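Novice: Have a look at this one before I ask anything.
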Amino acid sequence: MADEIGNRVHQMREKAEQLSQAAEHAPDEKESRRLKEKADRLRDQSEQLDSMSTGDVYPSHQAP
């Protein structure tokens, strides 16, 4: 189970990086901002999942 969570966290982080790169090459500011926000949310989710999987009850970042 821990391996599954670790793999999921890794996939989420890779996707967030892809979205960040896509944001840099987006055709307009609105699309760039949307992609950056999506990447940020995905990174936050991956950090929370990683923290929960390691038993950290106080994740470093919490969604507002």
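FYI, it's all coordinate maths here, none of it is from the lab. A quick note: this is a predicted structure, and the numbers were derived from the prediction, not measured.
Novice: Which ³J(HN,Hα) values, rounded to whole Hz and listed in residue order, are derived for segment 37-51 from phi using the Karplus coefficients 6.51, -1.76 and 1.60 in 6.51 cos²θ - 1.76 cosθ + 1.60 with θ = phi - 60°, glycine and proline given as x?
Specialist: 5, 5, 5, 4, 4, 5, 4, 4, 4, 5, 5, 5, 4, 4, 5
Novice: How much length, in nm to one decimal, is gained on full extension between Glu14 and Glu31, taken as 0.36 nm per residue of separation minus their Cα-Cα distance?
Specialist: The Glu14-Glu31 span can extend by a further 4.2 nm.
Novice: Could you run the Karplus curve 6.51 cos²θ - 1.76 cosθ + 1.60 with θ = phi - 60° over segment 25-30 and give me ³J(HN,Hα) per residue in whole Hz, x for Gly and Pro?
Specialist: The phi angles translate into 10, 5, x, 9, 5, 4 Hz.
Novice: Using only C-alpha atoms and all pairs of different ones, pull out the Kirkwood radius for segment 1-51 in Å with one decimal.
Specialist: Its Kirkwood hydrodynamic radius stands at 11.2 Å.
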